[in-house]
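What follows is a set of notes on a single structure, which appears directly below.
Rule-based calculations on the coordinates, nothing more; no lab input. For clarity, every value in this text was computed on a predicted model and none was experimentally measured. We place every Cβ from the backbone using ideal geometry, glycine too, and count neighbours over all the protein chains shown.
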Amino acid sequence: MALDSTQKARLTVAAVAVQAAVAAVTLRDINRRPKAGVRGPKAIWRLLGSVNTLGSIAYWVLGRKRTAPAVLVSRES
């Protein structure tokens, strides 16, 4: 199925919007995460995260150090 120019334009706009959203979430996480919570230099991850979606995926898979999940403590009276 061939796409006409309008469909191509819509697809391009959608792809750019997804890329921008993924990059924004990635950069926000890098900036908020302490240096000890990131594998490697944060500046490199910022660069990779802003270039393309693969850089962001690499950060989420390889760049973040895993943290222990928060434990909920119930207060029994």
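A few notes on this one:
- Label-reachable residues, the stretch 34-48, where backbone N falls under 20 Å from a point 7 Å from residue 67's Cα toward its Cβ: 34-46
- Labels on offer are [x] 10.1; [y] 5.9; [z] 8.9, and the one holding mean projected area of the Cα convex hull in nm² computed from this structure is [z].
- For the chain, the dipole from Cβ point charges (+1 on Lys and Arg, -1 on Asp and Glu) about the Cα centre works out to 400 debye, to the nearest 20.
- Nearest-ten-degree value, helix 5-32 long axis tilted from longest Cα axis of the chain: 20
- Sequence-separation-based contact order of the chain, relative, with Cα cut under 8 Å and 6+ spacing, percent: 28
- If you run the Gaussian network model on the chain, springs between alpha carbon atoms under 10 Å, then out of 40, 49, 63 the most flexible one is 40.
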